Amino acid sequence: MSVKKEASGRRSIQVEVEVPGTPEEVWQAIATGPGISAWFAPAEVEKRDGKPVAVTLNFGPGMESRSVVTAWDPPRIFAREADGWVPGSPPIATEFSVEARAGGVCVVRVVNSLFASTDDWDNQLIGTESGWPGFFRILRIYLTHFRGLRSAMMQVMAPVAGTKAEAWATLTVALGLSGVGAGQRWAVPAGVPALGGVVEDISQSSCGALLRLDKPGPGTAALYTITFGGSVMATFSFYLYGDQAAGAVARETPLWQAWIQKLFPMPTAPGKSE
């Protein structure tokens with residue numbers, strides 16, 4: 001992974017993925033509120049005179065991001081620009097393009113760019129670059145198996161003690177994923193909220209798994225243990241599809257919140273006892 005640097009001061013990263021579907025179908029998934037919500041984050045597209053002017057992404061309580069639409073050329077180019085990651089950082093532009101290929105597939109390409117005279121923000125660009133492949137895998141599953149269905153998203157997370165690898169080992173054993181490989185069908189053991197389907201990808205080294213679900217309903221789940229802000233977190237992102245998705249999310253969210261908090265009790269602060 002590397003940041004492309006130009007004489008003008010523009011710095012950019014680029015990631016692409018091949019997905020099934022016509023350009024029009026792929027465009028619906030990357031450039032509309034319901035489409036973006038089905039594989040990335042809950043999104044609302046603000047329109048004026050019938051044309052999109054802004055996109056708001058909701059990454060959780062207090063973590064909304066609003067960007068201004070700068071290019072809109074269906075079904076080819078969709079670009080937007082948002083404030084920088086922290087106060088004082090340069091605005092960051094995100095451009096999606098869709099290119100049709102033979103065989104009923106398209107290439108989706110995303111370019112993130114900013115203008116800077118120093119290397120101060122290169123690590124943030126690299127971090128953004130490393131995050132796209134995981135979301136693009138969810139996009140591919142959505143377009144392959146659930147294209148056009150309405151969606152609802154559920155996220156649960158908990159801070160954990162120990163290392164990321166130790167937390168992942170605990171999580172995979174509890175979910176019955178230990179020793180399960182990609183392509184295998186799987187279901188959680190008794191005592192865990194309903195979850196089952198096909199393992200699309202699982203990695204001990206990156207401490208993550210991507211699952212295509214049929215329980216608690218059609219959907220995708222991305223499970224990870226990550227290091228964030230110096231702390232280790234267990235994170236679950238569920239994307240459920242179909243007319244029953246919103247009801248399933250409302251029903252299952254409190255069950256998963258209680259389960260993950262029981263599996264990973266709040267770590268005790270240094271110097272304090274139970």
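Please report Rg (one decimal) and Dmax (integer) in Å for the Cα set of segment 118-192.
Considering segment 118-192 through its Cα atoms, Rg and Dmax are 17.0, 54 Å.
Can you give the translational diffusion coefficient of segment 96-240 in µm²/s, computed by Stokes-Einstein from the Kirkwood radius over Cα pairs at 20 °C and 1.002 mPa s? Working shown, then result.
Numbers: Rh = 17.1 Å.
It diffuses with D of about 125 µm²/s by this estimate.
Computed over the Cα atoms, what is the radius of gyration of segment 51-150 divided by 2.2 N^0.38 Å, N being its residue count? All intermediate terms of the calculation are to be shown ahead of the outcome.
Values: Rg = 15.2 Å, N = 100, 2.2 N^0.38 = 12.7 Å.
Rg over 2.2 N^0.38 Å, computed on Cα atoms: 1.20.
In the chain, if the dipole is taken from +1 on Lys/Arg beta carbons and -1 on Asp/Glu beta carbons about the Cα centre, which of Ser97, Ala234, Ala82 is farthest to the positive end?
The Cα lying farthest towards the positive end belongs to Ala234.
Give me the mean projected area, in nm² to one decimal, of the convex hull enclosing the Cα positions of segment 15-77. Spell out each step's value before the answer.
Values: hull surface 19.6 nm².
Approximately 4.9 nm², given one-decimal rounding.
Take each uninterrupted DSSP H stretch in the chain, measure its Cα extent along the helix axis, and return the ones at 15 Å or beyond whose mean Kyte-Doolittle hydropathy is at least 0.0. Walk me through the numbers on the way to the answer.
Values: long enough: 122-145 (36 Å, -0.12); 164-175 (16 Å, 0.78); 245-263 (25 Å, 0.10).
Span-like helices in the chain: 164-175, 245-263.
How large is the dipole of segment 11-158 about the Cα centre if only Lys and Arg carry +1 and Asp and Glu carry -1, each at its Cβ, rounded to the nearest 20 debye?
480 debye
Averaged across orientations, what area in nm² does the convex hull of the alpha carbons in the chain project?
Values: hull surface 68.3 nm².
Convex hull of Cα atoms, orientation-averaged projection: 17.1 nm².
Every number in this text was worked out from the coordinates using simple rules, so none of it is lab data. Predicted model, so just to flag it, every value in this text is computed and none were measured. No Cβ is skipped: glycine too gets one built from the backbone with ideal geometry, and neighbour counts run over all protein chains shown.
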